[in-house]
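Take a look at the structure set out below.
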Amino acid sequence: MVEKTVQEINQKIRDGSVHVVTAEEMTEIVETLGPKGAAKEVDVVTTGTFGAMCSSGAILNFGHADPPIKMQKVWLNDVEAYAGLAAVDAYIGATQLSESRGMEYGGGHVIEDLVAGKSVELRAIAYGTDCYPRRNIETSLTLSDVNQAVMINPRNAYQRYNVATNSSDRILHTYMGPLLPNLGNAIYSGSGALSPLFNDPTYATIGIGTRIFLCGAHGYIIGEGTQHDPTHNLGTLMVQGNLKEMSTDFVRGASLYKYGTTLYVGLSIPIPILNENIAKRTGIKDADISTNVLDYSVPRRSRPTLARVTYEELKSGGIVIGKKEIRTSSLSSLHKAREVAETLRERIKKGEFYLSEPVGKISTKTVFKPMRQTGGLPLVKDVMTDGIGTIKPDVSIEEAAKRIIKGGFNHLPVVSDDGRLVGIVTAWDISKAVAMKKRGKVEQIMTRKVIVVSPSDPIDIAARKLEQYNISALPVVDAKRKVIGIITSEDLSKLLAGGT
Amino acid sequence: MKMLLHFNPQIIKKPLIAEVVLETGVLVNINKATIDTAGGKLIINVPDKDAKKVIKSFKSRGVDVVTLEKPIIMIDEECVHCGACISVCPTNVFKYEADGSVSVDYKECIQCGACITACPHNALKLSE
Ligand code: SF4
Ligand code: SF4
């Protein structure tokens, strides 16, 4: 039985005899030598990930101005940073958008610009006090001008991530990138077998105080990440590192079209191979890691899972759902993840990076809870008009006109004999037909492709559909497509005016 | 080879493509066309060996021709090789290489623009 300690490994780093490999290399070594042989052979495995990590940002201390100011609000290149701490500390978050450039530029880009050594415009306002009389300031500064600049990321290194696809008939712009209609593509994230947390899923070596590679700097794990969900293999970490030691090779601002900005973070955790159990787990392969393919066309918290696939399948460029072959591509960069793992491997070999022993454990039991919502979101069925008139497709246009006038409504759902929705006619369709002296049946003028909502949908979904398709009413249908009511933009605006 | 043709408003009404096809006997494939008051812009694709003939024929009719060696430009300093551009491209211009980097097969690009907005790093642009 091989047993090593972190001190022994550090001694090997010191005398240059340490054997370090990347997690991908380790997979092959474990396959050939077995866990026991691998544990004897290898001292450290370097993992790697490089992807969009929205829950990232940096604490900056600007130093005091003269006369001094207690910043109440502060902007860097027109991106607001949170200044609700002391006088000249601020936290710039990756997803905050520029007030002048919108989604093109945000906090992630400010961080990249600072790391690149570029000058950044600072603007701040304050209410003025006896001790901090100043009310506003504008200046430009670079990373070397600020005192501390520490990246502190509440949630990084997601163990794996869900795959996004879209079964609707229109393109969706999401934080996973553009999702083409009718399952036109699927986008994944995460480096699979290189993933730091998949190489030590029991948190045997990874803990609070573990020294890591963060964007080129030597950083630390400071605790479990927000939304840490270890029992579903969705663990996350909270990490920190000195911005002044980072390199733009490993940290990049990014914009996701019609979604917003984020930060691409390169992160590597070294796993000390203390025994063969640890060695065995670092032998993990892409084929061993599965994740869910979710349908992002359902705008709810629980999106339907369409399939379960492995990272091996995802990386092959295509997955199959039902009978359909779907092209995949990644939002995170495997190429960069490898570069991250290789860079840390080289640093350890050269004696530039020593391993640390954790000072505290990361929980393996934390549960990720949904939000407690007290307001109670109104549902479509609470707001819709029920008992509405419908019409059959073979009724004459004239008769439809009479009914619309008599009923005083604008929309008439068209239903088959068993009550299922087959189309819709509006007052406008009918007046147009009458004006053009068109005679015939309703089915000749009705719209067949009807956008609908379900009675249990929250009204926000109805509102978004009305806006998206630029229409003024939606028939409400049950699971069998039987019409049970209608919801109009008027219903919604009345509700909003009434203030729920 | 791909080419970008500019028509000025005076000649836009003439059946120029048809004339060129008849004159040269080369089958011209139209990838993209936009026409407005400022004239017309067309991206066409012709076999490499016939490119010279076709260019000459268009030029003799007053059409401005720019050959597109690289219809799509990948800016190396910005690209992080994520691959977000891969699955949105209708003509499979991008692909992962064995080392995980993303390569570009320029000649397949029809300048549809889908990848431009898909790239999170502003690393792609269409050549004009
Ligand atoms: S412009 Fe369109 S065809 Fe050209 S590379 Fe981009 S997505 Fe592909
Ligand atoms: S999406 Fe942009 S950054 Fe990613 S591989 Fe394509 S060009 Fe490079």
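The values are calculated or read from the model by the stated rules, or taken from the named source; none is laboratory data. Keep in mind that this is a model prediction, so the values were computed, not measured. When we count neighbours, we look across all protein chains shown, and the Cβ atoms used for this are built from the backbone with ideal geometry, even at glycine. Note: areas computed on protein heavy atoms with side chains; ligands, DNA, RNA excluded. Shrake-Rupley method; radii C 1.70, N 1.55, O 1.52, S 1.80 Å.
How large is the charge dipole for chain B, taken about the Cα centre, if only the Cβ atoms of Lys, Arg (+1) and Asp, Glu (-1) carry charge, to the nearest 20 debye? Before the final figure, lay out each step's value.
Details: 15 positive and 15 negative charges, 150 e Å.
Computed charge dipole of chain B: roughly 720 debye.
Take the stretch A:234-281, compute every pairwise Cα distance, and split them into 10 Å bins from 0; I just need the percent in each bin.
All Cα pairs considered, the percentages come to 17, 34, 30, 15, 4.
Applying 1/(1 + (r/R0)^6) with R0 = 22 Å to the Cβ-Cβ distance of A:T32 and A:R308, what FRET efficiency is obtained, to the nearest 0.05?
In this case the efficiency is close to 0.15.
For the protein assembly as shown, with every protein chain kept in place, what is the accessible area per residue (1.4 Å probe, Å²)? All intermediate terms of the calculation are to be shown ahead of the outcome.
Details: 29740 Å² over 628 residues.
Each residue of the protein assembly as shown exposes 47 Å² on average to a 1.4 Å probe.
Could you tell me which of the pairs A:K323/A:K482; A:K480/B:K95; A:K336/A:K361 are separated by over 32 angstrom between their Cα atoms in the structure shown?
Over 32 Å Cα-Cα: A:K480/B:K95.
What chymotrypsin sites (Phe, Trp or Tyr not before Pro) in the stretch A:332-429 are in a loop by DSSP, with at most 13 other Cβ atoms within 10 Å of the Cβ?
Details: sites: A:F353, A:Y354, A:F368, A:F409, A:W428; in loops: A:F353, A:Y354, A:F368, A:F409.
In loop regions of the stretch A:332-429 (DSSP not H, G, I, E or B), the sparsely surrounded chymotrypsin sites (Phe, Trp or Tyr not before Pro) are A:F368.
If each of A:D78 and B:L22 carries a label point 7 Å out from its Cα toward its Cβ, how far apart are those two points in nm?
Result: 5.4 nm between the two label points.
Along the principal axes of its C-alpha atoms, what lengths does chain A span, in descending order and rounded to whole Å?
Projected onto its principal axes, the Cα set of chain A covers 95, 69, 37 Å.
Angle, helix A:334-349 long axis vs. longest principal axis of chain A, Cα atoms, 0 to 90°, nearest 10?
The angle comes out near 20 degrees.
Heavy atoms only, probe 1.4 angstrom, no DNA, RNA or ligands counted: give me A:D130, A:D66, A:D429 ranked by accessible area, highest first.
A:D130, A:D66, A:D429
Binning every alpha carbon pair distance of the stretch A:201-348 at 10 Å from zero, what are the percents per bin?
Percent of Cα pairs in each bin: 9, 29, 39, 20, 3, 0.
Each label point is 7 Å from the Cα along the Cα-to-Cβ direction; what then is the distance between the points at A:T202 and A:E342, in nm?
Going by the 7 Å Cα→Cβ label model, 3.3 nm.
Compare the Cα positions of A:I69, A:M238, A:I486 along the charge dipole of the protein assembly as shown (+1 at Cβ of Lys, Arg; -1 at Cβ of Asp, Glu; about the Cα centre) and return the one farthest towards the positive end.
A:I486
Which lysines have a Cα lying under 20 Å from the Cα of A:K244, excluding residues fewer than 8 positions away in the same chain?
Correct list for A:K244: A:K118.
Give me a comma-separated list of calculated 3J(HN,Hα) values for the stretch A:160-175, in order, Karplus coefficients 6.51, -1.76, 1.60 applied at θ = phi - 60°, integers in Hz, x for any Gly or Pro.
8, 9, 6, 8, 9, 9, 8, 8, 7, 9, 9, 6, 10, 9, 10, 5
Distances longer than 15 Å among the Cα atoms of the stretch A:356-440: what percent of all pairs is that? Walk me through the intermediate numbers first.
Numbers: 2538 of 3570 pairs.
That tail contains 71 percent of the Cα-Cα pairs.
Please give the helix A:489-498 orientation as an angle from the longest Cα principal axis of chain A, in degrees from 0 to 90, rounded to the nearest 10.
Once rounded, one gets 70 degrees.
Can you list the lysines whose alpha carbon is less than 26 Å from that of A:K365, not counting same-chain residues fewer than 8 positions off?
Within the straight-line cut-off, A:K365 pairs with A:K280, A:K285.
Can you give the convex hull volume per residue for the Cα atoms of the stretch B:1-91, as a whole number of Å³? List each step's numbers first, then the result.
Working: hull volume 11.5 nm³, N = 91.
Hull volume normalised by residue count: 126 Å³.
Which of A:S329, A:F250, B:L27 sits farthest toward the positive end of the charge dipole of the protein assembly as shown, with +1 on the Cβ of Lys and Arg and -1 on the Cβ of Asp and Glu?
B:L27
When Cβ neighbours within 10 Å are restricted to other protein chains, what is their mean count per residue of peptide A:311-323?
Working: counts 0, 0, 0, 0, 3, 1, 6, 1, 0, 0, 0, 0, 0.
Average neighbour count from other chains, rounded to a whole number: 1.
Taking the Cα atoms of the stretch A:380-498 alone, what are Rg (to one decimal) and Dmax (as a whole number) in Å?
14.1, 43
Greater than 26 Å separation of Cα atoms is the criterion. Which listed pairs, B:K59/B:K107; A:K437/A:K465; A:K324/A:K449; A:K381/A:K465, meet it? Kindly include the intermediate steps, with their values, before the conclusion.
On the way: B:K59/B:K107 23 Å; A:K437/A:K465 33 Å; A:K324/A:K449 24 Å; A:K381/A:K465 16 Å.
Beyond 26 Å: A:K437/A:K465.
Taking +1 at the Cβ of each Lys and Arg and -1 at the Cβ of each Asp and Glu, which of A:L197, A:I187, A:I362 sits farthest along the dipole of the protein assembly as shown towards its positive end, judged by Cα position relative to the Cα centre?
A:I187
Determine the shielding of peptide A:46-53 by partner chains: average, over its residues, the number of Cβ atoms on other chains within 10 angstrom of each Cβ. Could you put the intermediate results ahead of the total?
On the way: counts 0, 0, 0, 0, 3, 3, 3, 0.
That average works out to 1.
What average number of partner chain Cβ atoms lie no more than 10 Å from the Cβ of the residues making up A:335-342? If you can, show how the numbers build up before the last one.
Numbers: counts 11, 5, 2, 4, 5, 0, 0, 0.
So the per-residue partner count for this stretch is 3.
Quickly rank A:71-77, A:343-349 as a protection proxy: mean count of other C-beta atoms within 10 Å, highest first. Write out the running numbers ahead of the final one.
Values: A:71-77: 21.9, A:343-349: 20.0.
The densest-packed peptide leads the list: A:71-77, A:343-349.
Computed on protein heavy atoms with a 1.4 Å probe, what is the summed buried accessible area for the chain pair B and A, in Å² to the nearest 100?
Heavy-atom accessible area buried at this interface is about 1800 Å².
Give, rounded to the nearest 20 debye, the magnitude of the charge dipole that chain A has about its Cα centre when Lys and Arg contribute +1 at Cβ and Asp and Glu contribute -1 at Cβ.
Working: 59 positive and 54 negative charges, 364 e Å.
Around 1740 debye, computed over chain A.
Mind checking the full-extension length gain between A:V6 and A:K482? Use 0.36 nm per residue of separation minus the Cα-Cα distance, one decimal, nm.
Values: separation 476, 0.36 × 476 = 171.36 nm, distance 6.68 nm.
In short, 164.7 nm is gained.
If the cut-off is 20 Å between C-alpha atoms, which lysines fall inside it for A:K350, apart from same-chain ones fewer than 8 positions away?
A:K350 reaches A:K12.
What GluC sites (Glu not before Pro) does the stretch B:37-123 have in DSSP loop regions with at most 10 other beta carbons within 10 Å?
Details: sites: B:E69, B:E77, B:E78, B:E97, B:E108; in loops: B:E69, B:E77, B:E78, B:E97.
Passing sites in the stretch B:37-123 are B:E69, B:E77, B:E97.
Might you report the magnitude of the Cβ-based charge dipole of the stretch B:2-67 about its Cα centre, with Lys and Arg at +1 and Asp and Glu at -1, to the nearest 20 debye?
Values: 11 positive and 6 negative charges, 18 e Å.
Taking the Cα centre of the stretch B:2-67 as origin, the dipole is about 80 debye.
Check which residues have an amide H placed less than 5 Å from A:V163's amide H, if you skip close sequence neighbours.
Residues meeting the criterion, in which the H sits 1.01 Å from N, are A:N292, A:V293, A:L294.
Which number comes out as Rg/Rh for the stretch A:433-487 once both Rg and the Kirkwood Rh are worked out on C-alpha atoms?
1.09
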